[in-house]
Structures are given as structure tokens and as C-alpha cells.
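A.B. asks: My questions will all concern the structure given below.
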Amino acid sequence: MINIFNYIAPILLQAEAISAPGIKDRVLEGLFNVNINNFLVLSALLFVIGVAGVLTRRNVIVIFMSIELILNSVNINLVAFSRYWFLQSEGKNAYMGEIFTIFVIVVAAAEAVVGLGIVIAFYRNKETVAVDEIDLMKW
Amino acid sequence: MRLVGLEAVLFYLFAVVAVLFAVFMITARNAVHSALLLISTLVATAGLYLLVNAEFVAGVQILIYVGGVLVLFIFVIMLVNVKEEDTNMFTRQLIVGGALSFFLALGVIAILLQTQKGNFFTLVSPSAPKIEQVQSSSNISPSHNISQNTIKVGQELYTKTVLPFEIASLILLVAIVGAVHLARERKQEKIYD
Amino acid sequence: MYLFFLTAPTWFSKLPILSDRIDPMVMDYVVWPLVQIGALLFVVLTLIAYLTLAERKISAWIQVRIGPNRVGPEGLLQPLADGIKLLLKEDLIPLKADKEIFVISPIIAMVAALVALAVIPWGAAWGTISNIDIGLLFILAVSSFGVLGIILGGWASNSKYSLLGALRSAAQMVSYEVAMGLALIGALMFTKTLALQDMVISQERLQIWNILFQPVGFLIYLISGVAETNRAPFDLPEAESELVAGYHTEYSGFRFSLFFIAEYANMLIVSAIAVTVFLGGWYLPGLSYLFAPGSTLFVLASIGVFGLKTLALLYLFFWLRWSLPRYRYDQLMELSWKWMIPAALANIVLTASFLVLGQELGLIVSQNNSLKFSIGGYVFLISTAFIITVPLIWIILGQINQRSRDFNLREVQPLPMNRKVNKNN
Amino acid sequence: MDLIWLIPILPLLGFLINGLLARRFNFSEKLVGAVAVATVFLAFVLSLMAFVNYSSWSKENQAKAYISKTLNYTWISGGKALITPNTTSTNPQTENNLAELKIDWAYQIDHLSGLYALFVTFVGLLIHIFAIGYMHSQAGFARFFAYLNLFMFMMLTLILGSNLLMTFVGWEGVGLCSYLLIGFHMTRKEAAEASKKAFIVNRIGDLGFILAIIAVFSTFGTLEYQKIAQLAQNYPIETLGTFGIMSFIALGLFIGATGKSAQFPLYIWLPDAMAGPTPVSALIHAATMVTAGVYLLARMNFVFQRSLTMMLVISIIGVLTAFIAATIALTQKDIKKILAYSTISQLGFMFLGCGVGAFVAGVFHVITHAFFKAQLFLGAGSVIHAMNNEQDITRMGGLKKYLPITHKTMVVSWLAICGIAPLAGFWSKDEILGKTFSTTLFHPAIGKLLWFLAFLTAGITAFYMTRFMALTFWSEQKFLGPTANDGGDKTSEDNEDEKYTNIDQKNEGGGSFKIRAVTANSMNVEPTTSNMGSTTNEVESTTTAVGESNIIKEPKLNLSSPISALVADPKESPSIMTIPLIILAFFASVAGFIGLPVGYNWIENWLAPISNSLSKSHVFGTIDIVLALLTMFWSVAMAYAAYHIYVKNPQIADDLAIKLKPFYQLSTNKWYWDDLLDVKLASLINKFNELLGEADRHGVDAIPNGSALITRGASILSGSMDRYGLDLLVNLTGWFTRASSVLIRTFQTGFLNNYALVMIVGLILIIVGLEYQAIQELYTQFFPAIPKVTPTPTP
């Protein structure tokens, strides 16, 4: 494995300065030492943004997009853990996360297709896609 | 798993783009703008996948989401042709929903902070392993040092997870049939039947 | 991250101006790719400019005219004149247009087209910029961005012709992308890799072009490729006689030229992929006898071979455009879903069966993610492809489309009078 | 060789294509035929390849069976089960008498199944080709081929399955296909009934098979053939008269085989099964499916050889079946029924062979029989085809000049089945006879007796087959030839007259005479001919008429359908039908050479690993040659007698029939076995039912009547309680529900986001509940002033 960015990175971040044991530099290095937690936080943020979209938007299509965003945040977790596990277990079962991601993408596509079909069928009848006008199922 | 140097920079770049555009997405007035912003988020995510060596998933992500799902979204938006939502972009539970989302975010991040205590933004101890040294590679022929990610994913996909794979294909088939049935007009049905 | 740029050739890194000042690593991974990219962009953009001229000339010859011959000798400066005209034209944005998207969509289309150029194996060794693990997937993914540019451009113009063109384009491209991807899978079974340079190398190792194993796949790919680039006879998104100019009706000046360049670049990419996957890429039997493999001359010759093959396919594009009438929209959809996709699926199944059968018979050996054929293996695979696969797929298509109204030229049965369509629904 | 799983799967593919797509997409006949034939052809090629590969492989691997690794998965995995093995067995699978119920779906090839698969696919291929011509332009063409392909799949699963349960699946599957194909013309009543009969009779046998499978598992703890073969060696041989577990298993398997292979008590379905189209009869009811019983016997021979009792039973049943069926075949008139009884008889021979321990001879006879009997059936099909679906041989005759190829090829098979020297039937039949004569399993006298009955049967076989050939091909022509084709122009009155005159004539005299009646549309005879065939049978069983006379009482004088007259313009069948005939005839003549008793006996060597036969020590000697010659001369004599009677002097037949009236009637009425089942047994059951009914009406009914009286009284009482007591409760409940719904329904807003909101609230509650301490700690980190509520540390 030849990591070209590892080569360029010291140039970019002025490697000599970092390797000196100053506290400020060590904080900087810690910040630029991305591990699994950073991925988890990113995923959590995207998840919550997606939830907010589902809770607040009126347009059904945008709600669908928010759901896609939620699924995507899950995918980030899966892929990150796949890589994490690859390094922990020396390659054993390391690709299950990525494979599961592919399945999630497939299911998301299927869900979008059916959902949009419903939206079109609904629009044909009521000429709206606003979610608070779709309340025929209430008492 | 450590991303250092330029990889870390790229991680923050992609992460900020993803989060920022996601926020824009749920606040955009126009649905087409939302779709375009979602595409940006998804592409940034694909970049994240590349950073953790999941090339195949990154390719699939772009191919399926951008090439398929989001085109479909835009297609439907154009088809239903909704006018811009001038006043009522949000539902009447905007405040409650926003607050709840905020609490959810707090809760999730609190858990993360607690369970992964000490792993965030900590100082790297001087004894931590240094950045790997790059080895000279000018003599290696190109076909031998490219990533094997696709091959590995393919092998695992078609050996260990054959059954889920088949089930996924079945789900797709069902979705196709369902979508055709849903989106077809009565008139069309009458003509073709 | 794995390495995906190819290293610089020795003659480049030993150039006296560079070798003294720059680290060899930086030379390999920063300077040399930039040089390559610059050269590629220059060549491709020039080529595209002259392709417009070529198209006009070819159309003129096909229609027994002379073609542009006023600007420069034999009209050779015509592209330059066109370019200047487009640059100097007034840049219009319609009042009701969605401004941001209107501006950004030609850029998306153009960038998508140019990014895909990066992974195409233009030649052997240093003739290629990069060779990435997911090469073919990358091309398909990036070209799906091009669709986005067209759709958004059509929508943002806020004109009904543009919107119709965009809608047509969306449906057409999504449909033909499926057929395109499926058509390539048969060839992938032989190359056993997605990396484009490795595909060419595998064909070189087997000393054969994949088209001999995959005649059906090649045909489907070519047809889908023509449709994917919105060229005649599939140019419904920009049909002049129906939609004025389709999705770029409202565009003018430089933005219009971006769309224009994107279209021609897409043609170039489709041709180049067809050449890479089916026609052996830069591999030509006997080339390695003329020049020592790896030498500078060999690389230059390989680039030339690749270019010639690509230009031949581009000529085919022009030829098709000026020979065939445009499809009707429902015919277009039918062609994709009822002809191309079933044929591609059948091709996959048959190819896989024959490969397995060949391995069982001992004619093919699969090891280390590559195939080895005996002489019998070549004969077996080629003969099954032409003798069994082609007729069988023809029969299957015939059966599927037995009731189709348009393609087998049957009498259209009018709907009976008493079956009125209820207009209320 | 790993591709053997494809051998069954390919026909399945053909079945799916033809069965699912053909009608939807209006496949042409050519395409349907091509799909069906191509799949079977590929299966045949694969069988051949596997056979060749296996023969070299087995030499290096101690003749073990080869299980395909490609398609091999655990089909049934049922955990541990308690079994009862004998104490001496050392079964590694069983600890504490527990065996794992694990059954794989795997295909295996060994010497026996390889051979079987080869000839099944080969004969099947030829019959598929023949059927394209035979079924031409009939309704349900695609359905027919789909069924045939399904049958091939099931048969090959039966053969190639690696365990008893897979064989059972194939066993049931071929039964199903047999049912479907017999009832192919399901709009015809007798076809439907025949199919039901076949299915139900087979069920009786299958019950035995199931019991045997259960017994095998509870004894050995496995169903894999290879393991059973090893384990069975540990059991002692159960001598004559004893009946242990081995005998029980053998009995069950044998009952199964009896049903499928149409042996003595259960043979009644096979003649009726001839209602199906002729290629079906050839494929299923002559060549392949009915020999599945023999296959099972040979496959499980290691079990059968442990039980001498059952070996004797098998021998006796086999020879009885052979004899009875042969005698019945003597007097049948339907061309296909003769062949059906002949098949039963030959199957009896095979069982006899297996019964005396000569499993190889049995399998050998299966193969030779498959060729010549398939050929005979297809030839009969060709004749029927040429005669516009006429099946009564007494109305044929003289077909030799019309159907030269059919005739020549059938002569070959005729000689083969009669056991004339160099042809296939001779070698296999005489091997069985010889092995029977010199069997060492039983007392020598038993062997001699069995041999004598079989010897008699061989002669009778020659007689009835010669009669069949004579009446069909060589005797005087009994129908109107192509020159008398102007009958179509006649008026209907004429026709009626002629019809009645004909009937009068017939009623007047026995004896053979020529039918000259012509009806208006006799030229376009619909495929209602087995109508005729069955009516003749009906009449046969009730009439007391004598001789070979064609006394045909048409029950309905329907003007639109022809009654008895026959104008035929027999033409040789198209080459797609004759070529299989020729190929089969070729094999019918040479197939015997794989089992020469002297020199290199290939089949004996090939099957040696499968059956280490008990009578293996028998050496070919002078006595065998004498016996073989004796049998052959006896057959030739009987054949000549038949030729003399039916071709030279036709009236002798009638005289003989009158003189030997009791025997004749016994034969025409099929030894009254059907009648016994149909009439006697059925009426017995009916009487029993009536008896029960009487008892019910007078004795039992008093109880309900009395109780009804009590109930009515009680109901009046309880009704009043109900009305005033219970209703109040019910109303109260309703009122409460209505009241509460007003409150609860306000939650159901019908507003999508609201529901999502509630979901998120739940999610937050879960997070807070689960991670309460974590959040609290975090809180105290940021606001240290507030004291902790629970000081216990987190685990």
C-alpha cells in the first residue's frame, strides 16, 4: 500500500514543526488524526438533519429525500466500521460492511421507486403533494 | 483506523460539505434545489468512502443515487410540477419537530462522547506511531498495485452473502412491478388490457 | 488510498530542467500527471473543434455537397471562426429562469464529460493518465452526471420546449444506461477486472479482441451509446423539428458551447470505451513485433492505434446521423426495454454458461483472476458466440416482441368502436 | 463429472420454458420441439461425458460413488433423532443411538446410476424426437413436451439422487408426470379415469416405500446409499422363514416397487394407462418409469440380499406376474394393451432375476427391454398414426406393404422379445432363466419350479408377439385400402343403412370377416379412437361371443362419429418418426452384446461393485447352453404355431377359442382380477356401508333425538336469561368503547409528520432511558455544582 497523501501531507502540514513536542502542535496533530469517532459524529449529524427534514417539511418529495439522507448516514457508519474492522481483524470478514451498504442502497432505490409511484398516483387524484393535505386516513 | 495529513484535511472538507449541504437541503424552498443539494451531500459521502478505501461502494453510490434515484426524484418533481412553496414550506409542527431534532442530536452526541470518552481531540502522545514512510514505487508495473477492493467485495458478495443478494434482487423486482402498477393511469390500463 | 496514477517515463523524469530541482516522488505524482492532463485537454478540445468540422464535411459528402470551404484552406479554420463567434455572442439568461441552476448545469455537463477522460487508457504504459480499480464503474457514474446537467438545464430554462426535452432526456438516458451497463458485463467476464488499462492488458495477453467473444454485447453497447449521447437517430431531447432545440433552446453563447463540447466529448468517451472494452484498446496484433514493448516508440504507436480505432467509431456516429431517420418516442422506449435489455440479459446468461462449460471441458483455465485459453478454448468461445448466442438471442427477441406493433411491421389493429376510453379518468 | 447435476436440471429448464412461456408467447411447434429435444440431448451428452469420466475415475477410487460438489446443499436438517440400530453395528454417526437427520440434495453417479442415466436419456431423446412427429398439430403440443421434460427431470432425479429421499421425490414426481400424461386428453372420460387409477394404485405402493424409508432411517441413521451399503454389511442374513428388520425394509421397498413396476397385485393400472399418447406409453410405461422398481431393487440390493424370505417372495411374485400377464396378452385386441401386458410380463422377468439374486441380469434385461419395447411402442404408435388412430389389431392386417420401415424395424424387435439368438432379448432373458435354474439361494427344487414357469412364459411371449405381428402386418387386409376412398360422397341414409347391415352381419356370425362399412366422415376420424378401444374392451368383458369376431355394439349410434368401419390410407410416417425407430431397432439387435455370457461380460464387470451378488459363484457351463437352446427352440416353436394359426389358417383361431373356452375367457377377462377388485370388493364395501347405515338410522339416531328435546327445553330458559341479564353487559361495553374512542381518536390525526414525531419522541425516550447514567455524568462534567443523584459507578 502506497499512500501518496502521506507523502504530501508532511509538506502540507509542515511536518517538522509538528514532530516537535509542543502542546499546541500536539493538539493540532490530534485534530488531524481522524479516527472512527469522527465518522460516528458525522453520521449522527446527518441522521439528525434527516430526521429534522422528515419532521418539518411539507413536500412529500423532500421528505423522501430526507429519508435517503438518513439511510446515507447509516451507510457512512457501515463503511467506516468496515474499514475499522479490516484493520482490527487483519482482513477477515472485512467487507461485510461494504456489502451491507450495497444492500442498503438497493433497498433505498426500491423504496424510492415505490414511494414516488405512490406520490404520482396521489398527485393524479388530488393535485397536491403537501403532506398535511394527505390526511384521508384520520378518524 | 487513522486518517492523517491530507486525508484528514479531505475528511473535514467532505464532512463539512455533507453537513452544510444537508442543512441547505432541508431548508431549500425549491424541491429541485433540494435534490441538487442532496446530490452534493451524496457525492461528498462518496468522497468519504474513497478515503476509507471503499472504492466500489463509492462508485455504486454515485451510479445508483445520482444516476438513478435522484434523476428519478427530479423527474417526478418535474412531472408533478409543484409551484414554489411561498409561505407554507414547513408544517405546523416546525418548532416542536426542530426542538425534538435538537434534543435527539444532543442525546446521540452525548452517548458518543460518553462511550468513546477520551478519544476525541485528544493529544497525540509523542510515542504514537509516526506517519508511514512512502516507499519508492517507480519500478512496479501499473497493473499490480491498484486496489483490489472490487475483487474482494465481489468475492464476498457472491460467496458469503449470496442469499441476501438474491433477496435484494427479488425486492427490486417487486418494486419494479409495484411502481409500474402504481404509476400507470387507468386510461393506459384500459388501452393495453 | 491506493496509488492510481502511473509513474512518469524515464525520459521525462531525466529531463535536465526538472530532475535537478524536483523530488522524484513529486515528479511522478504531481508534475507528470499535470503535464499529461494538460496535453490531453489540449488534444481533446482541439479534436472536438475539428470534429464539428468533420461532421459538416461528412454530411456534405453524404449529401453530395462541398461543405464549409471559405474560412482558411478547405475550410480548415472554420472551427476557430465558430469558436470566436460563440464567445462573442450575447450571454442571455431568461427572466423567469432559475438563475443558479441555469448557470451551473452546462458546467456540470461539461465537467462530467471531461472528468471521464481521465481514466481512459489512451496508450500503453505512460500513455495513460490513471488506472483505477473501478475504472468502468467510474465512467458510468460520471456519465450519469451528464444526464443531470441536461435535465437541470432544461428545467431551469423555464420553457416548455426545454422542459419536454429534459423529461425525454431523463427517461431516455436512464433507460439506455441500464442496457449499456448490462452489455458490458459479458465482456467483463473475460477481462475479470473493472480497471480499464487492465482490460486492455488482458486482451493483449489473450491476443484477441473481446468483440469476437461478445458480438451481441458490442452491438448493444454501440446502440445504447448512440442513444446515451443523444445522437441521431436517438436525438429526441434536442429534436429540432419538434422541440426547437430541446433542453438547450434557451442557451446561447458560451453556455451553449459548453453543452456542445460536452456532447462531442461524450461521443469521444463512448467510442473510447467501446474501443477499450471490445476492440482491444491500444492493442493491435503484431504491434509488439514492430516496436519493443515499453519503448517510447511503442507507446506512441499504441496511442496512434487507439486514436485510429476511436476515430473510426466516431465516423460511424456521423454516418448514422446522416443516414437514419429519428425514432418515435414510444419506439425509442420499446427498443430499450423490449430489445436491448432482454438481449443483454440473455447475452450475460449465455456467456456465463459457455464460460463455465468451457472450464468444465478443460478448454479454459481460470487462475489468479485471469483466464487462459487453449486453442480449443478460442474456437469454442468464438463459435458459441456466433453460432449459438446470436441466433438464440434473435429467436428470444422475436418471441418477446411477437405482439409488438411497430418493429415487425404488422397491421395495426384499430381499437374497436365500442371500447371508448373513459375521459373522466 | 461435476456437471451431473445439470443432467436433471436441463430437462427442468425445458419444462419451465415450455410450460411457462410457450403459451404466453405462442411458441411454434418447431421451437417447442427444439427446446424439449435440445435439453434432453444436452442431458444425454452430459450423461455420456459423465459416464466416460466416471469409468476412469472409479478405477482410481475403489469404485466409490461420485457426488457432485457443485449442486450439493443441505436439504433437510432436522437435528438429532433417536434410532434403533442393532448392537453389532459400529456406526460412527450414532452416539447414544442418536443420529443427525441431515439429508442433502446432491446428485451422485456410480456404476448403476451412470448406466441408468445413459440409457434413460438416450431412449428419452429418441422418444422426444418421435413425439414431435406423432403429436404434430395436436392441441396441447407445448403442454405435452413440458410434461415429458418434467418427467425426464423427475426420472433423472430418481436415478441420480444420492439418498433414498431424493429417489422418493423423483419417484413421486414420475408418478405425477405419469398421471398428467395418461390424462393428457383430460376431456376424455376414460383417460381421466385411467390416470386416476394409476395414481391411486401407485399410492398403495408408495405407502410401503415411505414405511421403508422410515425404517431405514431408524435402523441406519442415514439415508445415503453409500453409508447404507456399508452399514448393511454388519447385519446377519435373515434366512428363509425369518422376518427381521431387513425383511421389513425389503418388504416396504418391494411394495413400492410393485406399485411402480406394475407387479402382480397392483398391475391393473398399467393396461389402462395406455389411454395416454403412444410416446408416453413408450417412454414412461415401457422403457423408463416402470423399470424404476427394478432400479430400486438393484440400488438397495445390499438390503434385499440380507433377507432370503423377501428374495423368495420377489421371485414368486415376479414369475407369477410374468405368467399371468403373458396369458392375458394372448387374447387382447388393442394394439397397445398387448404391449402393455407384454411389458408387465417382462417386468416380471426382471423381478424374477432380482429375486434369485441376479441383479445384474435384471438390470441387463431392463436395458435390452427398454430398447426393444420402446421400439415396439413407437412402432405401434407409427401404425396408429398411419391408421388414423385405429388401435384394434383385428381391423388391421396387411400393413406390411404400407409401412415398410415400421414393419422391418418391428420385426427386429419382435425377434428380440421372442428371444431369438443374436438379438438383445435372447441374452438378457436367458441369463435370467439360467440364473433362476441354477440359483443357490433357495432349495434347488424351488429354482427349477420358478424356471419352469418362466420357461413356459417365454414360449407364450413368443406366441402372443407373433400373433400381434401377424394380425398387424402379415394377415389379410381387413380395412378399406386407399382405393375405396370415395365413401365421403355418400348420403347419410346410405350410411345408416350400411351401418345397420354391418351390425347385422356382425351379429350373425363369428369368425373373421372384412368390415366394409363406410361412414360419411370416416376419413377425418377425430382422435376419439381409444373411445373405440375402450368400448371394445367393455364389450369383451360382458359378451359371451366367441372367436376373434369383432362384435362391436356401439352404445350410441351417433351419426357424426364413425362406428366401426374403417377406411384407411396408411402411409409411412415422416422421417422424424422413422429415424428413432431405426436407431432403436439397431440397439434392440445389438444391445445384448454388452452382456455375453461367454467371453468378456461387460455389464457384469461394470456393475460388479454395485452388486456383489449372492449367486456370483455360478459358472457358465454346459447346462446353460442346453437351457438356452431349449428356450429358444420352444420360443421358435410357439412363434411358428402362432404364425400358422393367424396367417396361414385364420379359422383355427376361432376353433381353438371355442374348444378352450374356459381358458379363453380366463384370459380375455384378465383372470377376473379386475372384476374381483371392481365388482366383488366394491360391492362388499358397499354392503358393509349399508349395514352401518342401518345401524346408524335406528340405533344411534335415538340419542340425538332425545338430546334435542332436552336442548329445546333448556334453550327457552337460557334465552330469557340472555335477554335480560347478558344484554346489559354487552350494551355497557359498547357504550364504554364509544366514550373512550372520543378521547383516543384525537391522536390519530392522519398527519404523517405527527406519526414520525411520536416515533422520534419514543427514540429519545429510549436513549434517555438506556443511557441515563451516561448523560448524567456528562451533565455533571459540565455543571459540577449539581450533586450526583446516584453515586454508583457505571459498570
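A.B. asks: So what's the net charge close to D:ASN72: Lys and Arg +1, Asp and Glu -1, counting the other residues with Cβ under 14 Å from its Cβ?
C.D. replies: -1
A.B. asks: I need the phi-derived Karplus couplings for segment C:311-320: 6.51 cos²θ - 1.76 cosθ + 1.60, θ = phi - 60°, integer Hz, Gly and Pro marked x.
C.D. replies: After applying 6.51 cos²θ - 1.76 cosθ + 1.60, I find 5, 4, 5, 4, 4, 4, 4, 4, 4, 4 Hz.
A.B. asks: Relative contact order for segment C:197-347: what is it in percent, counting Cα pairs under 8 Å that are at least 6 residues apart?
C.D. replies: Reported as a whole number, the value is 34 percent.
A.B. asks: Using a 10 Å cut-off on Cβ to Cβ distances, tally the other chain neighbours for every residue of C:135-142 and report the average as a whole number.
C.D. replies: 5
A.B. asks: Moving on. Above 21 Å lies some portion of the pair distances; for segment A:36-133, what is it as a whole percent of all C-alpha pairs?
C.D. replies: Of all Cα-Cα pairs in segment A:36-133, 45 percent lie more than 21 Å apart.
A.B. asks: For segment D:92-219, would you read off the P(r) tail past 18 Å as a percentage of all alpha carbon pairs?
C.D. replies: When all Cα pairs of segment D:92-219 are counted, 64 percent exceed 18 Å.
A.B. asks: Other chains near A:127-134: what is the mean number of their Cβ atoms within 10 Å of each residue's Cβ?
C.D. replies: Mean partner shielding for this stretch: 4.
A.B. asks: Could you work out the mean count of beta carbons from other protein chains within 10 Å of each residue's beta carbon in B:175-183?
C.D. replies: If you average over the peptide's residues, the count of other-chain Cβ atoms is 6.
A.B. asks: Report the relative contact order of segment D:393-473, percent, no decimals, based on alpha-carbon pairs under 8 angstrom and at least 6 residues apart.
C.D. replies: Relative contact order comes out at 43 percent.
A.B. asks: If you look for lysine pairs in segment C:10-400 that are eight or more places apart or on different chains, how many of them have Cα atoms under 28 Å apart?
C.D. replies: Lysine pairs, 8 or more places apart or on different chains, close enough: 13.
A.B. asks: Packing-wise, with mean Cβ within 10 Å as the measure, how do C:192-200, D:144-152, D:641-649 rank, highest first?
C.D. replies: D:144-152, C:192-200, D:641-649
A.B. asks: On to the next question. Which of the peptides D:730-740, C:118-128 is most tightly packed, and how do the rest follow, judged by the mean count of other Cβ atoms within 10 Å per residue?
C.D. replies: Output ranking for D:730-740, C:118-128: C:118-128, D:730-740.
A.B. asks: Still on this model: Expressed as a rounded percentage, what relative contact order does chain C have, with Cα pairs under 8 Å and six or more residues apart?
C.D. replies: The normalised contact order for chain C reaches 18 percent.
A.B. asks: log₁₀ I(q)/I(0) of segment D:643-761 at q = 0.09, 0.14, 0.15, 0.17 Å⁻¹, via Debye over equal Cα point scatterers, no solvent, to two decimals?
C.D. replies: Log10 I(q)/I(0), no solvent term: -0.71, -0.92, -0.95, -1.04.
A.B. asks: Another question about this same structure. Suppose we keep just the alpha-carbon trace of segment D:314-423; what are its Rg and Dmax in angstrom?
C.D. replies: When restricted to Cα atoms, segment D:314-423 yields Rg and Dmax of 15.0, 45 Å.
A.B. asks: Please say if segment C:10-400 is rounded, prolate or oblate, where rounded means a/c under 1.5 for a ≥ b ≥ c the square roots of the C-alpha gyration tensor eigenvalues, and otherwise the choice is prolate for a/b larger than b/c and oblate otherwise?
C.D. replies: It is oblate, given that a/c is not under 1.5 and a/b is not larger than b/c.
Quick note: the coordinates plus some simple rules give every number you see, no bench work behind them. This structure is a prediction, so every number in the text was calculated from the model and none was measured. All Cβ positions, even for glycine, are placed from backbone atoms using ideal geometry, and neighbour counts span all protein chains on display.
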